[in-house]
1. The conditions are (1) within 25 Å of A:Glu47 (Cα to Cα); (2) more than 13 Å from chain A (Cβ to nearest Cβ), and B:Thr81 fails exactly one of them. Which is it?
2. When region A:62-94 is examined, which residues are found to be aliphatic (A, V, I, L, M) and closer than 22 Å to A:Lys108 by Cβ?
3. Does A:Asp106 satisfy being closer than 22 Å to B:Asn66 by Cβ and among the acidic types (Asp, Glu)?
4. Just the residues that are facing chain A (nearest Cβ under 10 Å) and either open to solvent by 10 Å² or more (accessible area, probe 1.4 Å) or more than 15 Å from B:Gln59 (Cβ to Cβ) (or both), please, taken from region B:91-103.
5. If you scan region A:37-59, which residues turn out to be open to solvent by less than 20 Å² (accessible area, probe 1.4 Å), outside any loop (DSSP other than H, G, I, E, B) and in contact with a His (Cβ under 9 Å, 6 or more places away or on another chain)?
6. Being closer than 21 Å to B:Lys19 by Cβ and at the interface with chain A (Cβ under 7 Å from one of its Cβ atoms) is the filter; apply it to region B:62-78 and report the residue that is most open to solvent (accessible area, probe 1.4 Å).
7. Of all residues in region B:104-146, count the ones that are within 14 Å of another protein chain (Cβ to nearest Cβ) and assigned to a helix (DSSP H, G or I).
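The values are calculated or read from the model by the stated rules, or taken from the named source; none is laboratory data. The model shown is predicted, which means the values in this text are computed figures rather than measured ones. Glycine gets a Cβ as well: all are built from the backbone with ideal geometry, and neighbour counts include every protein chain shown. Quick note on the areas: whole protein, heavy atoms, side chains included, nothing else; ligands and nucleic acids left out. Shrake-Rupley method; radii C 1.70, N 1.55, O 1.52, S 1.80 Å.
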There are 2 protein chains.
Amino acid sequence: MNESKDEKYMKAALAEAQKAYDRQEIPVGAVVVCKDLIIAKAHNLTETLNDPTAHAEMQAITAAANWLGGKYLTGCIIYVTLEPCAMCAGAIGWSQASGLVYGARDEKKGYTLVKGQLLHPKTKIVKGVMEKECRDLMLNFFKSKR
Amino acid sequence: MNESKDEKYMKAALAEAQKAYDRQEIPVGAVVVCKDLIIAKAHNLTETLNDPTAHAEMQAITAAANWLGGKYLTGCIIYVTLEPCAMCAGAIGWSQASGLVYGARDEKKGYTLVKGQLLHPKTKIVKGVMEKECRDLMLNFFKSKR
């Protein structure tokens, strides 16, 4: 069976999430893709860095903008294993990324729980890509913590 | 006339905002205060760093958490010259800061335009401290850009 592009890049985001898991961090991973090239990879590091802003998406956006040499991610797609929180959605909004693809829903902290324009109006959103794998990684993590 | 504590710390945030102005950055400054000590200072650096996430508040939170050695800013007050955007309000929410004090309203991008819980429910909010000075700095900046 052919793997879709979205699945291919979500697998890369999942590999990042696994790195977070292995560090005892909540397993969320993100990659930024520009012209079919992964230009940034990151995973949640809030515990390791003692930094509440060190979500996977925030670091991926900073790294991608640095790679591009400009603060806008127009033409880029951000892949993230979990629905972004409001902070990260706001950052994706400022970046003007052309696309956001996420895996699992975040029923407690997801940005879709907030009403208002967080993302840029032109950002195309795809959700539920490899949802089960993304969600299972989170569920396993929290189960292991009990 | 006695200067209030809020004014004292907002002046420090304004001094940071002036540094941003001098770098041709949108003039927003922030400081984090813990037990009457300024533990972090920052100003907007989105252009200088080519990073859409480099708002004053984000950097101040990262620096304060680093100073404290933990990701929570419980007991800290964040002073910022401009009403935070949704991204920054989300970050302040994750930090669980005990207080947020801001100067000027942001009528286009302020977090109060978004409906939903961005800040932590226990964060005490004070607005309008040195509002005129904070707003005038922004107005002068945009006037100078015309």
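1. (1)
2. Answer for region A:62-94, where residues must be aliphatic (A, V, I, L, M) and closer than 22 Å to A:Lys108 by Cβ: A:Ile78, A:Val80, A:Leu82, A:Ala86, A:Met87, A:Ala89, A:Ala91, A:Ile92.
3. Against the criterion (closer than 22 Å to B:Asn66 by Cβ and among the acidic types (Asp, Glu)), A:Asp106 does not qualify.
4. B:Gly93, B:Trp94, B:Gln96
5. Passing the criteria: A:Ala42, A:Ala56.
6. Result: B:Asn66.
7. Of the residues in region B:104-146, 3 are within 14 Å of another protein chain (Cβ to nearest Cβ) and assigned to a helix (DSSP H, G or I).
Conditions tested, residue by residue: (1) over 15 Å from the mean Cα position of the chain (by Cα); (2) small (Gly, Ala, Ser).
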residue: B:Lys11; (1), (2): no, no
residue: B:Ala17; (1), (2): no, yes
residue: B:Ala20; (1), (2): no, yes
residue: B:Val31; (1), (2): no, no
residue: B:Ile38; (1), (2): no, no
residue: B:Glu47; (1), (2): yes, no
residue: B:Gly70; (1), (2): yes, yes
residue: B:Pro84; (1), (2): no, no
residue: B:Tyr102; (1), (2): no, no
